[in-house]
Structure formats: structure tokens, C-alpha cells
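Take a look at the structure below.
The values are calculated or read from the model by the stated rules, or taken from the named source; none is laboratory data. Computed from a predicted model, the values in this text were never measured in an experiment. Because the Cβ atoms are built from the backbone with ideal geometry, glycine has one as well, and the counts that use them run over all protein chains shown.
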Amino acid sequence: MARQQSRYICQTCGAAHLRWEGQCRTCGAWNTLVETVVRETDKPRSTGPRAGPADRTRVPQSLRGLREVEPVRIPTGIGEVDRVLGGGLVPGSAVLLGGEPGIGKSTLLLQAAAGLALGLAVGTGDSGGEVLYATGEESAGQVRLRATRLGLLEGSAADRISVVAESEVGRIIELTREARPIALIVDSIQTVTVDELDGPAGSVGQVRECALRLMEMAKQDGTAVILVGHVTKDGTLAGPKTLEHLVDAVLSLEGERTATLRLLRATKNRFGSTEEVGVFEMAERGLTEIADPGRAFLATTDEHAPGSVAGATLEGTRPLLVEVQALVAPGGYGSPRRTASGIDTNRLALLVAVLGRRAGIGLGSHDVYANLAGGLELDDPALDLPLCLALASSLRDKPVPRDLVAVGEVGLLGELRPVPGLERRLREAARLGFRAAIVPGSSRSAPPSVAGIEVIAVANLREAIGKAVGSGHGPSGDHDQAAGLQQVLASDQGGIAGSPEGRGSRGDA
Ligand code: TYD
Ligand code: MG
């Protein structure tokens, strides 16, 4: 029989202590120790004989002699979810779905539950099975309300999804063993508790122990377990950071709550690649898939104001075109503002400094705002160039041609650096109707040529800005702009030599 013992685990560093103390001796954090049950199996038993076929796996076998197991997949019926999972849910696996509160995790999982129940697999003879939805966050009535909204009560899926408002893990496991569903959804792991533990729901001890017990059940019974985990503001899975190591797959649902687009990414996947992303739109009746998301993140308005430039990013293997927006406004007193959403603020500050010193776009005394359309959050360096062009376009108040796309990383010297997957990005841009692309290029490496799009290779930022917003031979091709460019260049060079602008741009980096 396993012995149970309490340990006090620090929520910050994970160190275990025998008794409660106010301060963790290992990392020095205060009030972070939480009681956790540790199960100790008796030594002889763990090395002794085990029942059944498990025994065989204990004996080392040659790699060649091992049987290959092709994992079975249960499709969720939502194409984008299946893609991200690598083809569907694997029986006996544990999946963690993370995301900010209100982003749509419960909605997505209820829709997936319906798909699992109906066995919406295309081309398989599978006819689905039972799904158990355990909720510690909402009442069963609230789940029904959502199901009605999603139109799930109109089909037969509703008969095969059972809902229980239960937050004690032992009880959830008991219910699962009775119902024998193909999948168990636990919404959320931060609300479930183990009775033997004192710690509050959501503490590392509780979350870990609950997840371990659920996963143990999953492995034994072959039930797939999907755990919902809330993400804190800084982007980490609150409490269950430790879970990421335990589960088979970690998915995250991202987006801006006020915008409608959502991105589903796999940050870990033992049964598939982490390269795939799924794109959804939150609509009146739940999340709908966007099967061709290439243009989902481009502006839909006809208005074409200065400060907007299209960039081509790669999400895993999927090229996406995104609109990068910038607004430059004369600053007031005090240090100028650099505000970014969807883009790293430090990156923005750095690019502002590079623009000032290396490209003659002095923004030292201006407030600068940057944004990615559609609530997308990206850290693709290839967006450096479109962002810089958007800033230059806004400062000069000259729009960049709508059918122009820019791709490239900007270095500290103002040089443009190549980015991976350039050809794939350009092909997608061409497909979506873009006619010109500004890309990094040097005499040593020729840029790829893509049908339907004029590829303009430039070596540095100054040249790129010339092509996009202000030179005679750029796509906009007007002499007026070229004259404007000379004027600005002249005034900015003065700036670098020691005017307030020069000092300002150093100050904000
Ligand atoms: P929810 O799934 O409850 O988020 P989470 O479980 O991640 O906390 O989604 C909540 C939001 O989604 C809520 O603000 C309303 C919106 N929503 C829709 O726009 N359409 C719908 O059909 C549903 C069910 C929700
Ligand atoms: Mg929820």
C-alpha cells in the first residue's frame, strides 16, 4: 500500500520542506510553502513483479525489436483543432489547453466535445462515444446555456455529453470510471482539488497532484484527458507551469478578448508537430474555423492611411499576412511614449533608435504607437521591416502602396537581415494579390523570384524606406516624394550631430 505523507512545497522554486515555515529556505520567498501529499510506495514493491504485459516493458529490449505503435486518433471534428493536435486526440493522452480567462477555452472544448461525441471523422468508420465534461468553474446550467447558444442541443451530440459540476478529483475519476467516456474534459485544473491536501485550489501542490491523478487514470483506462489551465497576464500558465512537463501536449488559445480572431498553437506535442497553428473567429455561435487565414489579419477597410504596412509572417509552417500599424505624433513634455500591442515594446524602442541613427527617421521627440491588426501577438523578427516602414510612413504622412509587402529583420547598424522561409512568405503574398515585396538582399545572395510579385531586394533600412515611401524609383514613383526624402535626410543628419532629437533617440532605447 502506498504511504501518504505531507510535504510543504515552495510555490516559487518547488523545493520540498518537511514542515511549514514562513520563508522558503531555498529561494528565500515568503509565504510560498503549500502542503502537498507525497505518495511513497514501498521500495520492494516497485522493483517487484508487476501484473500483466506492463512487466515486459521493464526488460530492456533492442530498439529494433520494439513493436511500433501508431497512435490511434480520435478526431474532434474541428479541422483546425485536429491539425494542431497532429490529427486528433490520442486515447490515454493528456492535453493541457491554456489561455487567458474569457478567451474561449470552454467554448472551444464544448464544441470539440460535440465533435468527439459524434465522431465527425471524415473517412473513418468511427461513430464517436461518450464525453464527460467536469466543470468546477460554472454550474451545469451555465454549460447548458452555452451549449444552447452553440446550437449543440439541435443535434444528437447533446445526448452523449455528460456534464457534472464537480471539483474533487477523486470523485471525478470515480465518475469517469463509471461512465467510461472516450474523453474527459476538466474545466479548469485550477478549480479542482484533492481532499487529502490542505492547500487551496489552484496552488502548485493541488494542481500537480490533481493532474497526476487524472493522468494516471488516463493512462490506465485509455481515456483522453483535456485539462483547461488559465494563463496569467505575463503569459505563464498560472500554477500549472509544472504541468507542462507532465502532459503530452500543451495547446494555447491566444488573441485579444476584444477582437474576434483566435490563434490555437501547440507549444508541446508528443504526438505531432508544434509547427501547426489553427485560426478561429469568435462568432455569435461559438468559434468558427478560418480555413484560409492568409488574409485574416489584414485590414478590411478601404481607407488607406499612412502608417500601415503589410508584413508576411510564418506561424509554424503557415504563412500569414499581417497589417502592421504605426502612429507617430509630436510628443509633449517628459519622455516620449513608446506603446506597442502585439509587438514587443523593447523591440519597438530599439527600432525607433535604429531608425533615428541609421535611417534618418528621427522619432526622438515623438510619441510612437504600434499595433498588429486583429489582436495578433507575434515575435517574428521579419516584422521589423514593415514596422520601420510603417513608422517612416506615419512620420512623413505618406501612405505605402497597398499592394506592397515588406519582410526582413533589421540589425543594429540599419542593415537588413534575411529571414527563414522567405519564398513561402512571398508566395502567399502573391496569392493574396500583393504585387511588390521589399526584402533583404545583398550582392552575395539573390532573393527568390516568385511569380506575380516584383521582389525588390535592398541592403539596408534607408534604402527600403526610399523604395516604400520616398524615392523616385520606388513603387509609388513620384518625384515630389524624392524631393521630400532629400529634405528630411538633410534635416535628420543635422539631428544626429547633436540637436535635441539626436539626444532623444538615444534616451529611449
Ligand atoms: P469562454 O469559452 O467562456 O472563455 P474561457 O473559458 O476561456 O474563460 O468564452 C467567453 C467569451 O466568448 C465570452 O466573452 C463570450 C464569448 N462568446 C461568443 O462570442 N460567442 C459564443 O458563441 C460564446 C459561447 C461565447
Ligand atoms: Mg471557461
Of the residues PRO420, PRO399, which single one is surrounded by fewer than 23 Cβ atoms within 10 Å (Cβ to Cβ) and closer than 18 Å to ALA329 by Cα?
PRO399
Tell me, which residue of region 144-156 that is free of Cβ contacts under 8 Å to residues at least 12 places away in the same chain and more than 10 Å from ligand 1 (Cβ to nearest atom) is surrounded by the fewest Cβ atoms within 10 Å (Cβ to Cβ)?
GLU154
Can you give me the number of residues within region 146-183 that are among the hydrophobic types (A, V, I, L, M, F, W, C) and closer than 11 Å to ALA113 by Cβ?
9
Taking the stated definitions as given, is GLN11 touching a Leu at 6+ places or on another chain (Cβ under 8 Å) and modelled with pLDDT under 80?
yes
Taking the residues in region 60-84 that are part of a loop (DSSP other than H, G, I, E, B) and surrounded by 10 or more Cβ atoms within 10 Å (Cβ to Cβ) as candidates, determine which candidate is modelled with the lowest pLDDT.
PRO71
Do we find that LEU132 is buried (at least 21 other Cβ atoms within 10 Å of the Cβ), more than 14 Å from ligand 1 (Cβ to nearest atom) and outside any helix (DSSP H, G or I) in this structure?
yes
Checking THR57 against (1) among the polar types (S, T, N, Q); (2) modelled with pLDDT under 80; (3) closer than 28 Å to VAL207 by Cα, which test does it fail?
(3)
Of all the residues that make up region 100-121, how many are touching a Gly at 6+ places or on another chain (Cβ under 9 Å), of a type outside the set (S, T, N, Q), closer than 15 Å to ALA147 by Cβ and more than 6 Å from ligand 1 (Cβ to nearest atom)?
8
Of the criteria (1) over 19 Å from SER93 (Cα atoms); (2) in a helix (DSSP H, G or I), which one GLU166 fails:
(2)
At pLDDT below 90 and more than 16 Å from ligand 2 (Cβ to nearest atom): does that describe GLY255?
no
Of the residues in region 85-113 that are near ligand 2 (Cβ under 9 Å from one of its atoms) and part of a helix (DSSP H, G or I), the one that is surrounded by the fewest Cβ atoms within 10 Å (Cβ to Cβ) is THR107
Go through region 142-156 and count every residue that is within 26 Å of PRO101 (Cα to Cα) and part of a helix (DSSP H, G or I).
10
What is the residue count in region 311-348 for residues that are surrounded by 17 or more Cβ atoms within 10 Å (Cβ to Cβ) and assigned to a strand (DSSP E or B)?
18
Restricting to region 250-278, what's the tally of residues that are more than 16 Å from ligand 1 (Cβ to nearest atom) and either within 16 Å of the chain's Cα centre (by Cα) or outside any loop (DSSP other than H, G, I, E, B) (or both)?
9
In region 174-208, the residues that are crowded, with 20+ Cβ neighbours inside 10 Å and in a helix (DSSP H, G or I)
THR176, VAL204, GLY205, GLN206, VAL207, ARG208
Name the one entry in GLY141, GLY129, GLY115, GLY104 that is assigned by TED's automatic domain parsing to the domain that holds LYS219 and without any contact (Cβ under 8 Å) to a residue 24 or more places away in the chain.
GLY141
Give just the number: which of (1) at pLDDT 85 or above; (2) under 26 Å from GLY286 (Cα atoms); (3) of a type in the set (Asp, Glu); (4) out of contact with any strand residue (DSSP E or B) (no Cβ under 7 Å at 6 or more places or on another chain) does GLU216 not satisfy?
(2)
Hits in region 296-319 - residues which are closer than 26 Å to LEU85 by Cβ and not assigned by TED's automatic domain parsing to the domain that holds GLY408
ALA296, PHE297
Is it true that THR193 is within 16 Å of ligand 2 (Cβ to nearest atom) and of a type outside the set (A, V, I, L, M)?
no
